[in-house]
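Read through the structure below, which is laid out as structure tokens, and then see the notes.
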Amino acid sequence: MISIDVYSIVLPLLLEGAMVTLQLLVICGILSFLMSFIGGFSRLSGIAPVRWVSGLIIEFIRGTSLLVQLFWLVFALPLLGVNIAPGLAAIIGLSLNYGAYGSEIVRSSIQAIPKGQTEAGIALNMTPIQRMRSIILPQAFRIMLPSFGNLMIELLKGTALVSLALTSDMTEKMMQMRNTVGHDTQLLSLLLIAYFIVGYAVTLLFRWLERKFSAGRV
Amino acid sequence: MVETQDANALTAYNIQDKDPIVKYREIKKAFGDTEVLKGIDFDLYPGERVAIIGPSGSGKTTMARLLMTLEKPTSGTIEVDGRYLWHKEVKGQLVPADEKHLHEVRGDIGMVFQHFNLFPHMTILKNCTEAPVKALGLSKKEAEERAKEMLDKVGMLEKAKDYPASLSGGQQQRVAIARALVMRPKVMLFDEPTSALDPETVGEVLQVIKDIAKQGDMAMMLITHEMSFAHEVADRICFFDEGIIQEQGPPSQVFTQPKTERLQEFLKRFHMNGSS
Amino acid sequence: MSVWDWEFTFADVLPQLLQVIHVTIGATIGAFAFALVGGLILALGRRSQKKWISWPTYGFIEFVRTTPPLVQLYFIFFVFPDLFGVALPAIVAGILGLGIHYSTYLSEVYRAGIESVPQGQWEAATALNFSPVQKWKSIILPQAIRPVVPVMGNYLIVLFKETPLLAAISVGELLGTAQSIGSSTFRYLEPITLVGLFFLLMSYPASLMIKRLELRLDLNRK
């Protein structure tokens with residue numbers, strides 16, 4: 001069994017790494033949420049070139065693997081003369097990737113709202129922006145929430161990849177410890193449990209949000 | 001003056017010397033290769049109530065949807081209260097209208113849909129105040145007063161705080177009618193307002209529409225399969241088939257002495273073959 | 001030296017990457033096959049009437065779905081030798097790790113498919129006195145799987161794009177190879193870019209095919 005003094009070394013390091021993981025989760029979560037809306041609305045734009053370009057970018061990001069993108073940003077980009085800190089590269093890579101997936105969530109949720117809702121808005125002489133804001137989005141948002149919850153779990157799991165691209169998150173800290181103190185089983189179990197705790201908290205948060213946004217309705 | 005006399009002969013309504021509030025001229029509409037409207041000329045007078053009947057797929061609904069700006073005509077013009085709907089006049093030339101122009105003109109039109117299309121995420125009251133606040137710029141208080149007045153008129157005031165999902169189809173449609181009335185349109189379109197209802201709730205909705213027809217000076221275009229209702233409410237019956245107006249006239253004439261064979265055939269299905 | 005070296009790309013990088021493509025594809029197929037079977041077992045386990053089967057299955061699915069596949073790979077690669085006394089070859093650990101992770105996704109897909117089979121089909125199977133095994137094999141599963149084939153296809157693509165993870169446990173697949181070319185030549189740009197393009201060229205057409213398949217299956221049902 002792992003001894004007490006090893007825990008006293010491991011836990012502070014795990015917490016230190018957990019702070020990095022949580023920061024990545026929150027920052028990239030917010031950025032990818034914003035990008036989901038930018039991407040989703042662009043995909044639905046009335047201007048054809050906007051639709052094509054956004055579609056191209058989204059498919060490109062989705063088609064090339066996340067880890068490959070992170071490696072590219074960290075190892076290849078400096079060779080093009082662009083030096084960004086690994087932490088920033090991690091934020092950019094994760095946000096773009098999950099933003100691209102989120103764009104599809106936004107697009108499909110908006111398209112899922114029946115056409116009659118838009119038509120009723122037109123018949124009541126509301127402008128396109130008014131229709132989007134008070135009729136379509138509030139309904140689409142309820143459809144999006146569970147998918148965004150899943151996306152956040154995927155993001156959390158994705159943050160572990162930054163440990164391979166020079167960012168010192170929770171996983172990187174534990175793998176470092178492995179090299180110095182051993183105890184693979186305990187360290188890795190601890191790490192899995194730590195991720196599960198954060199992930200479960202995210203799940204609970206989104207369940208709460210879903211309840212909140214469906215209040216008062218049948 | 002010849003035109004007015006002709007128009008007077010077509011309707012039981014007293015047109016007097018009014019100008020039409022809605023004018024369709026040579027309206028055609030095609031979806032892909034299918035032409036659903038093949039050249040419609042049609043006038044609607046302020047306060048007049050016209051029932052549009054005809055088999056499904058005859059273009060009746062499209063006729064209303066063009067006026068509500070839900071579909072764009074392939075060719076032809078529509079005028080609403082002296083202004084072109086789908087066109088703007090720029091230096092004497094007609095150019096396609098933009099969203100701003102449509103927004104200005106369609107304020108005169110209201111519509112009640114077959115499937116109600118209430119907003120499920122808003123209470124009944126909010127359904128009726130959202131557009132007056134946003135599109136007409138009324139204060140919340142004014143909008144609520146108007147909305148409550150109309151909800152009372154359709155007998156739905158006590159449900160004001162409920163959400164649409166808790167109402168029956170007939171109740172939802174009554175709310176949808178109130179919601180359209182709050183906007184005070186000059187022309188109201190009813191697109192088969194009872195077709196999606198359970199038989200036992202059809203009556204309450206028809207009654208509400210009859211009440212409105214009696215009191216208002218609002219022009220109404222009623223697309224319906226309820227022949228006795230059309231007979232009772234309308235000043236004029238317009239029979240659509242295969243994308244054109246086949247026959248029109250006051251109900252007493254259209255229902256009792258149909259001229260065209262097509263209309264005779266159509267009425268037989270409703271056991272209204274003129275002889276009865 | 002130019003930013004992008006074409007000769008290096010074609011003479012060194014491309015041949016070396018082509019040599020390991022089979023590792024990436026083999027790992028994808030192996031892990032997906034594992035997930036297809038594992039997913040079905042988990043789905044049936046979750047449906048079990050016996051709580052001592054259904055609850056732990058549910059817990060396992062939730063735990064595996066919520067934790068990173070990378071850490072799971074480490075766990076299998078480094079911990080299994082401690083626990084069972086056998087060191088797994090990296091590629092086997094990789095297939096096992098991704099296979100287990102994706103079997104939790106596929107269990108949800110199977111579940112959706114099974115729930116989409118109309119009640120009448122179950123009743124008909126009972127009325128015709130099928131044994132439970134016959135009922136599942138010849139009535140329920142064929143109907144449950146058909147509508148979810150496109151969803152499974154999508155997971156195949158997602159899994160494929162996740163295989164670069166295996167580089168972390170030193171499987172010599174595409175990304176790992178690109179990285180080792182990079183570290184020995186100090187040129188990362190060409191190898192990593194090529195790997196990215198390769199994934200794009202494989203996964204985008206595949207996703208278009210699945211969209212078409214989806215439409216076809218949809219039409220056939222109507």
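Taking Rh as the Kirkwood radius, which is the inverse of the mean 1/r over Cα pairs, what is the Rg/Rh value for the stretch A:4-213?
Working: Rg = 20.5 Å, Rh = 19.1 Å.
Value, to two decimals: 1.07.
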Q.
For a Förster distance of 45 Å, can you work out the FRET efficiency between the beta-carbons of C:Trp122 and C:Ser183, rounded to the nearest 0.05?
A. 0.20
Q. When only Cα pairs under 8 Å and 6 or more residues apart are kept, what is the percent relative contact order across the stretch C:6-221?
A. 27 percent
Q: Kindly list the residues of the stretch C:94-116 that lie in the label zone of C:Arg47, defined by a backbone N under 19 Å from the point 7 Å along the Cα-to-C-beta vector.
A: C:103-116
Q) Across the stretch C:112-117, in residue order, what do the Karplus-derived ³J(HN,Hα) couplings come to in whole Hz, using 6.51 cos²θ - 1.76 cosθ + 1.60 with θ = phi - 60° and x for Gly and Pro? A) 4, x, 5, 5, 7, 6
Q.
Which of A:Met19, B:Met221 has the fewest other C-beta atoms within 10 Å, and how do the rest follow up to the most?
A. A:Met19, B:Met221
Q: Sort A:Ile197, B:Ile109, C:Ile210 so the one with the fewest other Cβ atoms within 10 Å of its own Cβ comes first.
A: A:Ile197, C:Ile210, B:Ile109
(Q) Which residues does the label zone of A:Phe213 cover in the stretch A:101-121, counting backbone N under 17 Å from a point 7 Å along Cα→Cβ? (A) A:101-114
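Roughly how many debye, to the nearest 20, is the charge dipole of the stretch B:150-246 about its Cα centre, given +1 on each Lys and Arg Cβ, -1 on each Asp and Glu Cβ, and no other charges? Please list the in-between numbers first.
Details: 10 positive and 15 negative charges, 106 e Å.
Dipole size: approximately 520 debye.
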(Q) Need one number: the % of Cα-Cα pairs in the protein assembly as shown sitting beyond the 38 Å mark. (A) 53 percent
Q.
Antiparallel versus total DSSP beta bridges in chain B: what percent is that, nearest 5?
A. 60 percent
Q | Spin-label proximity, B:Phe270 to the stretch B:216-242 - amide N less than 11 Å from point 7 Å beyond Cα toward beta carbon | A | B:223-234, B:237-240
Q) What residues qualify as long-range amide H neighbours of B:Val22, i.e. H under 5 Å apart, gap of 5 or more or another chain, H built at 1.01 Å from N? A) B:Leu44, B:Asp81
Q. With contacts defined as alpha carbon pairs under 8 Å and 6 or more residues apart, what's the relative contact order of chain B in percent?
A. 24 percent
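Once you have the alpha carbon radius of gyration of chain C, what is it after dividing by 2.2 N^0.38 Å, with N set to its residue count? Don't skip to the answer; put the middle values down first.
Details: Rg = 21.3 Å, N = 222, 2.2 N^0.38 = 17.1 Å.
With N residues counted in chain C, Rg over 2.2 N^0.38 Å equals 1.24.
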Q) What is the spin-label model distance, in nm, from B:Glu149 to C:Lys211 if the labels are put 7 Å beyond Cα along the C-beta direction? A) 5.2 nm
Q. FRET efficiency for A:Thr180 and A:Val82, Cβ-Cβ distance as r, R0 = 30 Å, nearest 0.05?
A. 0.30
**Q.** Descending semi-axes in whole angstrom, ellipsoid equivalent of the stretch B:2-268, from the Cα gyration tensor
**A.** 29, 24, 17
(Q) I'd like the FRET efficiency for C:Gln143 and A:Ala201, computed as 1/(1 + (r/R0)^6) with the beta carbon distance as r and R0 of 51 Å, rounded to 0.05. (A) 0.85
Q: Send over the semi-axes of the stretch A:1-103's equivalent ellipsoid, whole angstrom and largest first, taken as the square roots of 5 times the C-alpha gyration tensor eigenvalues.
A: 35, 17, 11
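Computed from the coordinates by the stated procedures, all read-outs in this text should not be read as laboratory data. Everything numeric here is computed off the predicted structure, so don't read it as measured data. A quick note on method: Cβ atoms are made from the backbone with ideal geometry, for glycine too, and the neighbour counts reach across all protein chains shown.
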